[in-house]
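Here the structure comes first, spelled out in structure tokens, and everything after it is commentary.
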Amino acid sequence: MSHANNKSFNKATSAGFLIALGIVYGDIGTSPLYAMQAIVRGQGGLENLSVNFILGAVSLVIWTLTLITTVKYVLIALKADNHHEGGIFSLFTLVRRMRKWLVVPAMIGGATLLADGALTPAVTVTSAIEGLRGVPNLANVYSNQTAVIITTMIILAFLFLIQRFGTSLVGKLFGPIMFVWFSFLGISGLLNSFLDLSILKAINPYYAVQLLFSPENKAGFFILGSVFLVTTGAEALYSDLGHVGRGNIYVSWPFVKICIILSYCGQGAWLLSHRGESLSLNPFFAVLPQPLVVYAVILSTLAAIVASQALISGSFTLVSEAIRLKLLPLLRIYYPGQSLGQLYIPAINFALWATTSFFVLYFKTSEHMEAAYSLAITITMLMTTTLLTYFLIQKGIPKIGVAVISLALFMIEGSFFAASLVQFLRGAYIVVLIALMIIFVMFIWSKSHKIVLKYIKSLNINDYKNQLNALRHDESYDLYQTNVVYLTSKMDHEWIDRSILYSILDKRPKRAECYWFVNVKVTDEPYTSEYKVDMMGTDFIVRVNLYLGFRMRQEVPRYLRTIVTDLMESGRLPRQHQHYSITPGRKVGDFRFVVVEEKLMNARQMPGFERFVLQTKAQIKRITASPIRWFGLQFSEVTVETVPLVLSDVRNLEIHERLDRADEKEIFTTNEI
């Protein structure tokens, strides 16, 4: 990356500040809608709350936001950017060479974050719409949960519909809304704090620790499961690093954190002043004058939509990175704008919408959704901490420092995880099951790649140069194409997949002036675009390694145009005269791309587990994007060939010649043609 890009990434601007509010903080910024309500609900209502409990609850909120979000993510994780990209998969690419098994926490963390991304829109939008029960003119309508569900479903359909227009539009649209939202949180929280200024004592962590061991706390240690709701958007903050830049997050987070803490303090002060009363209203809406509730609900609904956006855009980024790391199958990816990091994946957008809608219909109320909310994200955070530990070691941080930081984070997040386990049977099991399904697909995709590499047979191109040279001069065969290009993921220097040479020489001899063998290598850097060429001592064989970053579009034909021009200008590749062309003086011939798909044929000779993995992958590939679209070949001449996956250790099937016998009766029948 250039110095200018580094400066831009770390620089904060007023426009970037607004876009950051609109993209990054939606999830964590809407936690005041439901977190305090969830904490209080565990105690049986306002009439059972003590002063120490309220102070302890607010103190737990403040220090959870400080230790998890501020210290871990803003101060530590944002430093672990992979060429300006964040998220658990970007972090994995930074440390994967240190230990092979680090792919496990990367897969688990990515899967649980994707599962959580489907639940976030459901719980935030439902919580906001339920606030309409505090509006006198609408209370009768929205006291019926069916009305809440229908309204929520309509809003969610709109939210997922606008994803195709890109995060830049979303950020510009939602940024000002979130600025108003956080200002509302801060001002209303500050004003309500004057109801009982003793709430400021909650800044002292003593009250947080005391509450965990206090007999007044009916939930005991498990209260942390509800407290954790205040920081569930922290992982999305890291995932969206590439969308807005580090500088804008550094400047915007203090503003966001202060506003959120003031909101919790205001709710806490209201609880202190209403202790002993029997009220079932959500503290977030209860602190407001009744005439303002309807406006607060409208604003909170808009903020809930933004909250959903934070996880959706983060999900697109995560899936894109996982595809390029060969952890997920190919999916169509679109880039709807010009801003850094913008992408849109229709299949993921549809899957998130369907899953989110299912959650709304299944759980029905925000109370039931909250019970399923925190378990998956605590797993993600633990996995991120595991990878961060190795990142700190890689950066040369003293071992004692790494041990202290990692142990502290593991203890804190481990406590939240243990407290969230009680929610498993309350609905969290559904989110965990979805995460396990995603992990299963990741495992199949990663394992199948290793199995194919284990069994596939490679041949040395040097051993076949004479045949290729003879074939290209053999006029008894029609010219197949001027340039024939084979895309392969199995090319190691001069060694290439046997099926490719089989396709050229055996299946149908393909006469061409030049044979291209192209291998795309995904680099750990997100925006690399480099190539390396080996002509194999000829002027008709071109072996190309394309080095593309994991965020780059793999449009091979466009890259080859540049490479062809470079080779001809340097004299390594002869000019190719095109007799018929709309381009005067054209010196580059036509191209045909050949995609070889290897099918599993001799499955019975393969161990059962490996056969299961490859057969499962084949079924998954039926519903994913084709290599043609992935490599940008849809507007080029393309041939798709199917060849058997030839296993090097599979023996021929035994069969013996049958001898005719005059006295033997025919006991078989033949099918008529």
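The stretch between residue 146 and residue 218 holds 22.7 nm of extra length on full extension. This uses 0.36 nm per residue minus the Cα-Cα distance. Using the 1.4 Å probe convention, the accessible area of the chain works out to 45 Å² per residue with neighbouring protein chains retained. Simple spin-label estimate for residue 326 and residue 71 gives 3.9 nm between the two label positions (7 Å along the Cα-to-Cβ direction from each Cα).
Amide H contacts of residue 34 (H built 1.01 Å from N, in plane; Pro and chain starts excluded): no residue 5 or more places away or on another chain comes under 5 Å. Can you compute the FRET efficiency between residue 508 and residue 590 using 1/(1 + (r/R0)^6), with r the Cβ-Cβ distance and R0 = 25 Å? Round to the nearest 0.05. According to the calculation, E is roughly 0.90. Give me the percent of accessible area attributable to carbon and sulfur for the stretch 461-544, probe 1.4 angstrom. C and S atoms contribute 38 percent here.
Across the stretch 186-195, coupling constants 3J(HN,Hα) worked out from phi with the 6.51/-1.76/1.60 Karplus curve, θ = phi - 60°, read x, 5, 5, x, 5, 5, 6, 5, 5, 4 Hz, and Gly and Pro carry x. Using heavy atoms of the protein chains and a probe of 1.4 Å, the accessible area assigned to residue 83 is about 70 Å².
Taking amide H as placed 1.01 Å from N in the peptide plane, the amide H of residue 275 sits under 5 Å from none that are at least 5 places away or on another chain. Computed per residue of the chain from DSSP H runs no shorter than four, each worth -39500 (n - 2.57), the mean residue ellipticity at 222 nm is -17500 deg cm²/dmol.
Evaluated with a Cβ-only charge set (Lys, Arg +1; Asp, Glu -1), the stretch 199-317 carries a dipole of roughly 180 debye about its Cα centre, given to the nearest 20.
First check a/c for the stretch 298-456, with a ≥ b ≥ c the square roots of the eigenvalues of its C-alpha gyration tensor; if it is under 1.5, answer rounded, and if not, answer prolate when a/b is larger than b/c or oblate otherwise. Here the stretch 298-456 falls in the rounded category. Remark: the stretch 97-179 carries a charge dipole of roughly 480 debye about the Cα centre, counting +1 on each Lys and Arg Cβ and -1 on each Asp and Glu Cβ. Oblate is the label for the stretch 226-273. Its Cα gyration tensor axes, ordered a ≥ b ≥ c, give a/c of at least 1.5 and b/c at or above a/b.
Residues of the stretch 480-509 with an amide N closer than 14 Å to a point placed 7 Å from the Cα of residue 635 along the Cα-to-Cβ direction: none. Within the accessible area of the stretch 191-349, the carbon and sulfur atoms contribute 66%, probe 1.4 Å, all protein chains present. DSSP beta bridges in the chain, what fraction antiparallel, as a percent rounded to 5? Antiparallel bridges: around 30 percent, rounded to the nearest 5.
Relative to the longest principal axis of the Cα atoms of the chain, the long axis of helix 399-420 lies at roughly 70 degrees. Which residues in the stretch 500-519 have a backbone N closer than 20 Å to a point placed 7 Å from the Cα of residue 535 along the Cα-to-Cβ line? From the stretch 500-519, the list is 512-519. In a DSSP loop and with at most 13 other Cβ atoms within 10 Å, the trypsin sites (Lys or Arg not before Pro) in the stretch 20-126 are 97, 99. Oblate is the label for the stretch 84-216. Its Cα gyration tensor axes, ordered a ≥ b ≥ c, give a/c of at least 1.5 and b/c at or above a/b. In the chain, a dipole from Cβ-located charges (positive for Lys and Arg, negative for Asp and Glu) runs towards its positive end, and of 215, 103, 461 it is 461 whose Cα lies farthest in that direction.
Simple spin-label estimate for residue 612 and residue 158 gives 4.7 nm between the two label positions (7 Å along the Cα-to-Cβ direction from each Cα). Spread over its residues, the convex hull of the C-alpha atoms of the chain is 232 Å³ per residue. Extension gain for the segment residue 463 to residue 657, taken as residue separation times 0.36 nm less the Cα-Cα distance, is 66.3 nm to one decimal. Of the residues 397, 135, 485, the one whose Cα sits farthest towards the positive end of the charge dipole of the chain is 397 (charges of +1 on Lys and Arg Cβ, -1 on Asp and Glu Cβ, taken about the Cα centre).
3J(HN,Hα) along the stretch 227-243: 4, 4, 4, 6, 10, 5, x, 5, 5, 5, 4, 6, 5, 8, 4, x, 6 Hz, from the Karplus curve 6.51 cos²θ - 1.76 cosθ + 1.60 with θ = phi - 60°, whole Hz, x for Gly and Pro. Between helix 290-324 and the chain there is an angle of about 30 degrees, using the helix long axis and the longest principal axis of the Cα atoms. Our coupling estimate for the stretch 426-437, obtained by passing each phi through the Karplus curve with A = 6.51, B = -1.76, C = 1.60 and θ = phi - 60°, is 8, x, 5, 4, 5, 5, 5, 4, 5, 4, 5, 5 Hz, Gly and Pro reported as x. Placing unit charges on the Cβ atoms only, positive for Lys and Arg and negative for Asp and Glu, gives the chain a dipole magnitude near 860 debye about its Cα centre.
Taking amide hydrogens as modeled 1.01 Å from N in the peptide plane, which residues meet the under 5 Å criterion relative to residue 595, leaving out close sequence neighbours? Correct list: 639, 640, 641.
Using only the alpha-carbon atoms, how far is helix 556-569 inclined from the longest principal axis of the chain? Give it as 0 to 90 degrees, nearest 10. With both axes taken from Cα atoms, the answer is about 50 degrees.
If R0 equals 60 Å, the separation of the Cβ atoms of residue 209 and residue 477 corresponds to a calculated FRET efficiency of about 0.15. Inter-label distance, residue 98 to residue 404: 1.9 nm, where each label sits 7 Å from its Cα along the C-beta direction.
The values are calculated or read from the model by the stated rules, or taken from the named source; none is laboratory data. Quick caveat: nothing in here was measured; it's all calculated off a predicted structure. Cβ: placed from backbone, ideal geometry, glycine included. Neighbour counts: every protein chain shown. Each accessible area value is taken on the protein alone, full model and side chains, heavy atoms only, with ligands, DNA and RNA left out. Shrake-Rupley method; radii C 1.70, N 1.55, O 1.52, S 1.80 Å.
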